[in-house]
Amino acid sequence: MNAATQTRQAILDALDAAREATPHLPALDIARRLDISEGELQAARLGRDVFTLPLSPHALAARFHQLGEVKALTRSRHAVLEQQGVYPTLRGSEQAGLLLAPGGLDLRLHLTQWHWACLIRDRMPGKEGGSVPRLSVQIFDRHGIALHKLFSLAAEPPEAWQELQALGSTQEPAFTQAAEPLPRALPTVPSLAEEWAQMSDVHQFFALLNRHQLRRHEANALMEGRFTRALHPGACETALREAASDELPLMLFVASPGCVQIRTGKVPAPQRMRAWLNLFGKDFTLHLDDANIARVWQVHKPNRDGGVTSLEAFDAQGGLVLQIYAERREGQGERREWRRLLDGLDAREAAA
């Protein structure tokens, strides 16, 4: 038995032992215990209950709408958004896919980040004892980080699932180690305020960041006092609680490196469980590890409709954890009650 085979067997033994002891333990937690990526964990199962899907990212995403009722899941490092629904038909290009369904499964896909996709056949504990099958498609980047997952919710999955299974192979992915961006002094960008003020669409913000090689949190820091305002790290919880109380519909954005998932609508009151802040809705769940939120910004971006304002939470490494906007349709102005809520956050935090 060579070293690679021994390593694979050790991973499988550890996975089986963890699932036997704690059936609902997420794969990511098991991978962290083994000090490997989640992609490496799943790749060790190739040929047993995991199969590589040899489709281009665009071709795979184009099949999503055929898969019936699913649970769609996207995570940042400290937030997880889960939604139930049916995917809309894919739009967009080979590089950027759009699954547009405001109020439903609404996603923006960065397809150039998709490195390995697999179909997984798990068996999960049943509500009445025994186990039940669970089919999922999971996508990973070149570092083995999960970009998006979808789990079948149908008692009898549509034929499209069988078609995917028939395509499955045991081709192994190659992963590389991820590295955190090195810390650096805040750069100087003399033209940033002028360029920011000239935006007429929020999507122009990404071009602005790329033009100056800025990370989002750096741009926020440079524009503090003009277009941005630093808030207390607890501002997300306060905003969510007030929006729930006021029945103010929100747009919740959770992003991985390869997918942005958006949930639109009214939110339930947050619940604190196992140190995480949670929203338990009828067709969605948001889990937020807000203890790892290091900085929160109120951010205003100009557009043709009077501008939009977001709440943006970042971790200590500058990674975006969660974005929150008020629900808004194209061509509509921003809700005044949302701006009032945000503008009042500092005073409420200062008085606490």
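Brief remarks follow.
- Accessible-area composition of segment 45-131, carbon plus sulfur, in percent [1.4 Å probe]: 50 percent
- Solvent accessible area, Å² - Ile262, 1.4 Å probe, full protein context: 0 Å²
- Cleavage-rule hits (GluC sites (Glu not before Pro)) in segment 34-92: DSSP loop, at most 15 neighbouring Cβ within 10 angstrom: Glu69
- Solvent accessible area, Å² - Val132, 1.4 Å probe, full protein context: 70 Å²
- Counting charges near Gln66 (Lys, Arg +1; Asp, Glu -1) among other residues having Cβ under 9 Å from its Cβ returns a value of -1.
- Charge dipole of segment 100-164 (Cα centre as origin; +1 on each Lys and Arg Cβ, -1 on each Asp and Glu Cβ, all else neutral): 240 debye, rounded to the nearest 20.
- Probing with 1.4 Å while keeping every protein chain in the model, the per residue accessible area of the chain equals 49 Å².
- For segment 182-301, the carbon plus sulfur part of the accessible surface works out to 53%, probe radius 1.4 Å.
- Largest first, the residues Tyr87, Tyr325 sort by 1.4 Å accessible area into Tyr325, Tyr87.
- Using heavy atoms of the protein chains and a probe of 1.4 Å, the accessible area assigned to His58 is about 40 Å².
- Here's the list of lysines a cross-link from Lys71 could span, going by alpha-carbon distance under 23 Å and ignoring same-chain residues fewer than 8 apart: Lys127, Lys149, Lys266, Lys282.
- Fluctuation leader among Ala313, Ala154, Ala239 - the chain, Gaussian network, Cα springs under 10 angstrom: Ala154
- The sum of -39500 (n - 2.57) across all DSSP H runs of n ≥ 4, divided by the residue count of the chain, sets its helix-only mean residue ellipticity at 222 nm to -7500 deg cm²/dmol.
- Potential lengthening of the chain between Gln213 and Thr7 amounts to 70.2 nm, from the contour at 0.36 nm per residue minus the alpha-carbon distance.
The values are calculated or read from the model by the stated rules, or taken from the named source; none is laboratory data. Small disclaimer: the values here were computed from a predicted structure and weren't measured. Neighbour counts are summed over all protein chains in view; Cβ atoms, including those assigned to glycine, are modelled from backbone coordinates with ideal geometry. For accessibility, only protein heavy atoms count, side chains too; no ligands or nucleic acids. Shrake-Rupley method; radii C 1.70, N 1.55, O 1.52, S 1.80 Å.
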